[in-house]
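J.: A single structure is presented below for examination.
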Amino acid sequence: MGETGTGKEILAEVVHRASPRVQGNFLSLNCAALSENLVDAELFGYEKGAFTGATQAKPGLLETAPGGSVFLDEIGELSLPLQAKLLRVIETRTLIRVGGVTKRTVDVRFVSATNRNLQQAIESGGFRNDLYFRLNGITLAIPPLRDRPVEIEPFGRRFAGEMARDLGRSAPEISADALTLLRSYAWPGNIRELRNVIHRAVLLCRSGPVITPDQLPRELMEATFSAAHPTPAVPYGQTPLAGLSFTQSGPALEPEEKRRILDVLEKTAGNQTAAARLLGMGRTAFVARLNQYGISRPRKR
């Protein structure tokens, strides 16, 4: 259990690799993306002639991980009918393909994850209590990143190294001021958000050896810092971050920001959505910046 982005799937893979099932497949299924109309055929497979277009038998996804592990991500989003079918498979460790009559053994370990309170979902009728009790053999709660600030620096260095390798350059260090900001941020998106912020910072610092607060998304960091750490009123023009050289935007910064936008557009071959993502901006805000700086809206090449 844990918030979005805390690394539940990574932990599930660790469980798989540390188990006697390591030689088997690790199958990850996003329950929120399973279509109720297609789930029988996709999960359980089908026999030849089971429906129009079924010209040959096809094993289901659950049959592709014999002796391995099946990770059910976002289990709380599974519909009630699908919960019943899953419970039957877990209880009997067998399945029947669509259009078939023969029971087939399913030898897998089920590991599930959720960012919802399933007990509350049970009370409201949104989750089956029998499935919950069947799945709830061992529960691991992953704390959010804001409760693990000591891990921010090693994660940041790892993500900086990843992005630097992709760009073919040396990994930059993270300055003390930047680390102070990163540790003060509430990280609603947890590790996934940290990865995106660090990747963006590496891209924006170009070939420089150090990530500084200038490469961090100022608006987002300041807003969350203020919400997570309320302070008494301060004189106009001052902020809790004033001593960290996390400067306010203004005309002096516009040429630098315009240059960064042009550089990123060049790297993404004019793909505005990809450029906005790399800069840590929403697409609407990115387009507004293009208009502000008189940059023509490029077309993807």
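J.: Classify region 150-210: rounded, prolate or oblate, from the alpha-carbon gyration tensor (a ≥ b ≥ c, eigenvalue square roots; a/c under 1.5 rounded; otherwise prolate if a/b is larger than b/c)?
T.: Details: a/c = 2.01, a/b = 1.52, b/c = 1.32.
It comes out prolate by the Cα gyration axes.
J.: OK, next. Of the listed peptides 80-87, 99-106, what is their order by residue-averaged count of other C-beta atoms within 10 Å, with the highest listed first? All intermediate terms of the calculation are to be shown ahead of the outcome.
T.: Details: 80-87: 16.2, 99-106: 13.1.
So the peptides 80-87, 99-106, ranked by packing, come out 80-87, 99-106.
J.: Name the long-range amide H neighbours of Phe110: under 5 Å, sequence gap of 5 or more, or other chain; modelled H, no Pro or chain starts.
T.: Val70
J.: Moving on. Using a Cα-Cα cut-off of under 21 Å, which lysines could be cross-linked to Lys267, ignoring same-chain neighbours fewer than 8 residues away?
T.: Straight-line reach from Lys267, under 21 Å: Lys258, Lys300.
J.: In terms of modelled amide H atoms, which long-range or inter-chain residues lie less than 5 Å from the amide H of Val210?
T.: Glu173
J.: In terms of modelled amide H atoms, which long-range or inter-chain residues lie less than 5 Å from the amide H of Ser28?
T.: Hits under the 5 Å cutoff: Phe71.
J.: Please list, or write none, the lysines whose alpha carbon is within less than 18 Å of the alpha carbon of Lys58, excluding same-chain residues fewer than 8 places away.
T.: Lys48, Lys103
J.: On to the next question. Please work out the C-alpha center-to-center distance from region 86-121 to region 142-206 and express it in whole Å.
T.: 38 Å
J.: Among 268-274, 57-63, how do they line up from the highest to the lowest mean number of other beta-carbon atoms within 10 Å? Mind showing how you got there, number by number?
T.: Working: 268-274: 15.3, 57-63: 17.3.
Peptide ranking by packing, descending: 57-63, 268-274.
J.: So in region 32-191, what percent of DSSP beta bridges are antiparallel if you round to the nearest 5? Let's see the in-between values first.
T.: Working: 5 of 10 bridges.
The answer is about 50 percent antiparallel.
J.: Follow-up question, since we're still on this one. How big, on average over all directions, is the shadow cast by the Cα convex hull of region 8-135, in nm²? Don't skip to the end; give the middle numbers.
T.: Details: hull surface 32.2 nm².
Result: 8.0 nm².
J.: Further question: I want the local charge near Tyr46. Using Cβ-Cβ distances under 9 Å, sum +1 for each Lys or Arg and -1 for each Asp or Glu among the other residues. Don't skip to the answer; put the middle values down first.
T.: Values: positive: Lys48, Lys58, Arg97; negative: Asp40, Glu47.
Cβ neighbours under 9 Å give a net charge of +1.
Bear in mind these aren't lab numbers, they're just calculated from the coordinates by the rules spelled out. What you see is a predicted model, and the numbers here were worked out from it, not measured in a lab. Cβ sites come from the backbone with ideal geometry, for glycine too, and all protein chains shown count toward neighbours.
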